[in-house]
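Encoded as structure tokens, the structure appears first; notes follow it.
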Amino acid sequence: MSEPVISAKELTKRYGSRAAVENLTLNVGKGRVLGVLGANGAGKSTFFRMIVGLVRPDNGQIEVLGKEPGWRSDAEIAYLPDRARWYSDYTADQGIEWGSRFLPGFDREEAGRLAEIMRLPRDLKASEMSKGQEARLMLILCMARRVPLVILDEPFSGIDGSSREHIIDVLIDALSEKQQTLLISTHEIYEAEGLFDDVVFLRQGRVALSGEAESLRRQYGSIDALSKKLYREEER
């Protein structure tokens, strides 16, 4: 593998006596789509926050785009946190205008194209949007940025199944054009697994299993089937 976009070595982050991430070692290659999977509380969101510099590890090292996470790398990362919300009194059009002013690498034309493809009414205020429409807006503001690294934490929450399939097709096309590296955490594995080049399953902050998605599919039938198998083992 060429120089990794993300290199994490023995990362640990504790909150009191609980380890959110423990001894996590992982490299992410340039241009790859990595599915970061696991049950709630497995450490996915904490790992993402360490990548963007919002959380500092207690132990271990992490390098992102050749830098220590923080202000030096912020402009090169598009990050969509779990349960992200837009300002209730502002429309989708105002969101796109805001993105063009304040988000590095934001492509206003691409945002408009994505809004059209995702069938998002641009004159609706967020307070008038369904949960799925607001989720689409937040995803558009993230995906319209031409930056090397994109991180999506549960981007399909609140979006119905048929819309998810359509949006995932849009993401595949957008990623192929931009050659971005993408990390995505989702519980909608059945619909999303076609995105993945690589997969890592986290369990209690540790890497439970990782590998190339196609190799894992050959072994287990699908990433979704593998996920269900690991969940069953975890519940025992």
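General observations
- Translational D in µm²/s for the range 143-219 (Stokes-Einstein at 4 °C, 1.567 mPa s, Kirkwood Rh from C-alpha pairs): 95 µm²/s
- Values of log10 I(q)/I(0) for the range 94-202 across q = 0.12, 0.15 Å⁻¹ run -0.39, -0.62, by the Debye formula with one identical scatterer at each alpha carbon and no solvent.
- Partner lysines for Lys131 [C-alpha distance under 21 Å; skip if fewer than 8 residues away on the same chain]: none
- The modelled label-to-label distance between Ser88 and Ala225, using points 7 Å beyond Cα along the C-beta direction, is 4.7 nm.
- Kirkwood-Stokes translational diffusion coefficient of the chain, alpha-carbon pairs, 37 °C, 0.692 mPa s, µm²/s: 180 µm²/s
- Lysines whose Cα lies under 24 Å from that of Lys9, excluding same-chain neighbours fewer than 8 positions away: Lys30, Lys44, Lys67
- Note on Ser17, Ser162: ascending count of other Cβ atoms within 10 Å places them as Ser17, Ser162, the fewest first.
- On Cα atoms only, tilt of 92-102 relative to the major axis of the chain in degrees: 70 degrees
- Within the range 136-158, backbone nitrogen closer than 15 Å to the virtual label 7 Å beyond the Cα of Gln179 toward Cβ: 146-149
Every number in this text was worked out from the coordinates using simple rules, so none of it is lab data. Small disclaimer: the values here were computed from a predicted structure and weren't measured. Backbone-built Cβ (ideal geometry, glycine too); neighbour counts: all protein chains shown.
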